[in-house]
Amino acid sequence: QVQLVESGGGLVQAGGSLRLSCAASGRTFRLYHMGWFRQAPGKEREFVTCITWSGGSTLYADSVKGRFTISRDNAKGTVYLQMNSLQPEDTAVYYCAAVRYGLGLSRSVSSYDYWGQGTQVTVSS
């Protein structure tokens, strides 16, 4: 029902900022809660943040709260992740994910129905 394509990843120095974008196909984007997850080499995919279909509610992992901000533009079919004060521990492939809004916001990988291919974020010290 939806395809997701992430962009905006790259190499930044510690303390720097980066904004990721996730473009969604189709005309049903507004019906989905959206999430960002990340996966470092040799580690499990972990929750970063998520946002309701209306943009009215968000959740953040403790590790990124206060540094990262999720937002969405339903008219553009895009969700964003503004990443500030980046640290080397933020280095990972970042994935955009979508789930029908009938469910509540979730931090669980298994709750999400659709995933993008991911975009690499590397933070050097």
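The values are calculated or read from the model by the stated rules, or taken from the named source; none is laboratory data. Model, not experiment: these values are computed from the prediction. Cβ atoms come from the backbone with ideal geometry, glycine included; neighbour counts cover every protein chain shown. Quick note on the areas: whole protein, heavy atoms, side chains included, nothing else; ligands and nucleic acids left out. Shrake-Rupley method; radii C 1.70, N 1.55, O 1.52, S 1.80 Å.
Phi angles across the stretch 5-14 convert, under the Karplus curve 6.51 cos²θ - 1.76 cosθ + 1.60 with θ = phi - 60°, into 3J(HN,Hα) values of 10, 8, 8, x, x, x, 9, 9, 7, 3 Hz, Gly and Pro given as x. Relative contact order of the chain, taken over Cα pairs closer than 8 Å and 6 or more residues apart, is 36 percent.
Here the 3J(HN,Hα) profile of the stretch 70-86, calculated from phi with Karplus coefficients 6.51, -1.76 and 1.60 at θ = phi - 60°, is 9, 8, 8, 10, 5, 5, 8, x, 9, 10, 10, 10, 8, 10, 10, 6, 5 Hz, Gly and Pro shown as x.
If you roll a 1.4 Å probe over the heavy atoms of the protein chains, what accessible area per residue do you get for the chain, in Å²?
Details: 6380 Å² over 125 residues.
On a per-residue basis, 51 Å².
Highest mean packing first, where packing is the average number of other Cβ atoms within 10 Å per residue, the peptides 54-65, 24-35 line up as 24-35, 54-65. Taking all protein chains in place and a 1.4 Å probe, what share, in percent, of the accessible surface of the chain do carbon and sulfur account for? So the carbon and sulfur contribution to the accessible surface is 45 percent.
Which order do the peptides 7-18, 74-85 come out in when sorted by mean C-beta neighbours inside 10 angstrom, highest first?
Working: 7-18: 14.2, 74-85: 17.7.
So the peptides 7-18, 74-85, ranked by packing, come out 74-85, 7-18.
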